[in-house]
Amino acid sequence: NDNQMSIAEPHGGLYKSLTRLRETNGADPCNYFKAMGFDYLYVAHGNDEAAVEAAFRQVKDAPRPVVVHLNTEKGHGWKPAVEDKEAWHWGVAPFDPVTGKSLLPPPADPGWIGSRFADHMLAKMAADPTVVVVTAAVPAMLGFTPENRRKAGKQFVDVGICEEHAVAFASALAKGGAKPVLSLASTFIQRTYDQLSQDLCINDNPATIVVTTGGLSTMNDVTHLCWFDIPLLSNIPNLVYLCPTSEKEFFAMLDWSIGHKTHPVAIREPSNGVRANEVEILTDYSGPVRYNVTRRGKDVAILGLGTYYALGTELADALAAKGISATLVNPRTATELDTAALEALKADHRLVVTLEDGVMDGGFGEKIARYYGTSALKVLVRGAAKKFADRYNVADFLEANGLTVPQLEKAVCAALAD
C-alpha cells in the first residue's frame, strides 16, 4: 500500500525507489522487490476496488511469492484527511464527517507534553548545534509539526518506522560527540531491545531517550500496550531510567541528561497532565540515586514511581483521614535503589507500598521487595498483572488490578492489622 507517506513525510532510499516505480507504471528496472526474488505486479489505481480485486485474482494462484504494489491516496474520499494526511493518521477521536471536528469534549490537560517539548528542544538546538532530536516516524507526538521540523532543519531527524535504526543512530551520534535526544513510544520499546543492549548500552554512549505514552491509562489496544517499558529498560546494565512525577521534573531531568557525558539515560515522559508538584527538583541526577522523601510519617511508606507518585499522594491523604501518617517518597528512577533511604525506613516502618504505572513482573516494586526480602518489613507491590488486554475501559482495568485509592487503602490497613 504505497500512499507516499510514512506517518509523516517519508524518508530514505526505498521511498525514492517507490517513486520511480510509480512514475514508470511499475516498469523501472531498479525494482527493490524483484531484486529480492519476488514477482511483482503494479496497480496504478489502488483506491479502485475493481482494479485491486482484479490484481488479486491475477496472482492468487501464483506458484511464487508476489508483491502487489498498490498506488493509493492517503485519506482518499474525505477532503480533510487528504489535505492533512499526517494529522489524520493517528489520534483521531469520533468526529463530525462534515466539519471534521471532534465529537468529544477537549480534556482539561491532554496529559502529554507535546508542543512544550518541541519549544524546549528548539531553544536547545538554537543554543547548541550538537543537539539533535531523533524520531521514528511520529514527530507530532513530540510537538514537531511540519513548521517546527523546518525550524529545526538538520537537527531533527525522522528515520521512519524503524525504531531499531533510531537507537543505533542515536548511539553513533553520541559516540561522535553530538547530543541526541531520541523519542520512542513505550509500546515500541520491544522492537529496539537488541540495539539498546548491543549498540547503546554496551558502548555506554550518552544518548538520551524520551519514552512517551508510558502507562496503563494511555494507548490500550493489545498491539499498542504501554506497560512493559519499566522492566524492559530498567534491567539493562549502564542505562539509567528516570521517572519524573511532573512536567517540571521531566524538563529538569532532560536538561541534565542532554548535558551529561557518562551513561545512556531514558526518561519516562509523564502522561498524567501534572505540570508541577511539591517534589524537590534537582539540576544534577548523576551519582548515587537519592530518593526524595516529601512527607515523613511512620509505619507505612509509599514509594510512588513517576506518574504514580500522584496516586501515592492520594493514598497518603486517604490514610491520613484514618489517622495513619504515611511517609511519601518520590524514587526518581526505576533502575537503582537508594539503599540508605530504604535502610532508614526499617527504623519506624512496618510496611512499604510500591506503586508503578506498568506491569509488576520485573519492575520497580519487585526490586524493592527483593531488597527487603530477609527483613521484617512487609512490601505491597502494586501495578498491573502480567496479562495482555485489549481496548479496555481504564477505570475498570485499574479496579481489576487493585489500583483504586479505596482498594489500596483497604490493602494497607489489612497488612498493618495482620
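Readers should treat all values here as calculations from the given coordinates under stated rules, not as data from a laboratory. Keep in mind that this is a model prediction, so the values were computed, not measured. In this analysis, Cβ positions are derived from the backbone assuming ideal geometry, glycine residues included, and neighbour counts consider all displayed protein chains.
Once the Cα gyration tensor of the chain is diagonalised, what are the square roots of 5 times its eigenvalues, in whole Å and ordered largest first, as equivalent ellipsoid semi-axes?
45, 24, 20
Using +1 at the C-beta of Lys and Arg and -1 at the C-beta of Asp and Glu, which of Pro106, Ala178, Pro63 has the Cα lying farthest in the positive direction of the dipole of the chain?
Toward the positive end, the furthest listed residue is Ala178.
Considering only DSSP beta bridges with both partners in the chain, what is the antiparallel share in %, to the nearest 5?
Looking only at bridges with both residues in the chain, the antiparallel portion is about 10 percent.
If I take R0 = 45 Å and measure r between the Cβ atoms of Lys34 and Ala411 in this structure, what FRET efficiency does the formula 1/(1 + (r/R0)^6) give, to the nearest 0.05? Don't skip to the end; give the middle numbers.
Values: r = 62 Å, r/R0 = 1.37.
It comes out at approximately 0.15.
Relative to the longest principal axis of the chain, what angle (0 to 90°, nearest 10) does the C-alpha long axis of helix 49-59 take?
80
Compute the angle between helix 405-417 and the longest alpha-carbon principal axis of the chain, please, reported from 0 to 90 degrees and rounded to the nearest 10.
Once rounded, the angle reads 40 degrees.
Relative to the present Cα-Cα distance, how much length would full extension add between Glu399 and Asp128 at 0.36 nm per residue of separation?
92.9 nm
What residues qualify as long-range amide H neighbours of Arg350, i.e. H under 5 Å apart, gap of 5 or more or another chain, H built at 1.01 Å from N?
Here the answer is Asp299, Val300, since their amide H atoms fall under 5 Å of that of Arg350.
What is the angle, in °, between the Cα long axis of helix 247-259 and the longest principal axis of the Cα atoms in the chain? Nearest 10 is fine, range 0 to 90.
Between helix and principal axis, roughly 70 degrees.
Kindly provide the Kirkwood hydrodynamic radius of segment 13-73 in Å, to one decimal, from all pairs of distinct alpha carbon atoms.
Answer for segment 13-73: a Kirkwood hydrodynamic radius of 12.0 Å.
Where nothing but the Cβ of Lys and Arg (+1) and of Asp and Glu (-1) is charged, how large is the charge dipole of segment 367-409 around its Cα centre, in debye to the nearest 20?
Using Cβ point charges on Lys, Arg, Asp and Glu, segment 367-409 gives about 340 debye.
Once all Cα-Cα distances of segment 292-417 are split into 5 Å bins that start at 0, what whole-number percent is in each one?
The calculated distribution, bin by bin, is 2, 11, 23, 25, 21, 12, 4, 2, 0.
Using the 2.2 N^0.38 Å rule of thumb for compact globular proteins, work out how segment 340-405 stacks up: its C-alpha Rg over that value, please.
Dividing the Cα Rg of segment 340-405 by 2.2 N^0.38 Å gives 1.29.
Considering only DSSP beta bridges where both residues belong to segment 292-417, give the percentage that are antiparallel (nearest 5). Walk me through the numbers before you get to the answer.
On the way: 3 of 18 bridges.
So the antiparallel bridges in segment 292-417 amount to around 15 percent.
Please get the size of the charge dipole for the chain, origin at its Cα centre, with Cβ charges of +1 on Lys and Arg and -1 on Asp and Glu, quoted in debye to the nearest 20.
On the way: 40 positive and 49 negative charges, 107 e Å.
That gives a dipole near 520 debye.
What is the packing order of peptides 118-125, 33-40, 396-403, taking the mean over residues of other C-beta atoms within 10 Å and listing the highest first?
Result, highest mean Cβ count within 10 Å first: 118-125, 396-403, 33-40.
Given points 7 Å out from each Cα along the Cα-Cβ axis, report the Asn25 to Asp317 separation in nanometres with one decimal.
According to this spin-label approximation, the distance is 6.9 nm.
Using a Gaussian network model of the chain with C-alpha springs under 10 Å, which one of Ala62, Ala172, Ala321 is most mobile by mean-square fluctuation?
The residue with the greatest mean-square fluctuation here is Ala62.
Under a no-solvent Debye model with one identical scatterer per Cα of segment 225-344, what's log10 I(q)/I(0) at q = 0.19, 0.20 Å⁻¹?
-1.06, -1.15
Taking the chain as a Gaussian network, where each spring joins two C-alpha atoms under 10 Å apart, which residue of Asp317, Asp96, Asp199 fluctuates the most?
In the Gaussian network model the winner is Asp96.
Per Stokes-Einstein, at 37 °C and 0.692 mPa s, what whole-number D in µm² s⁻¹ belongs to segment 115-268, with the Kirkwood radius over Cα pairs as the hydrodynamic radius?
Details: Rh = 15.3 Å.
The calculation lands on 215 µm²/s.
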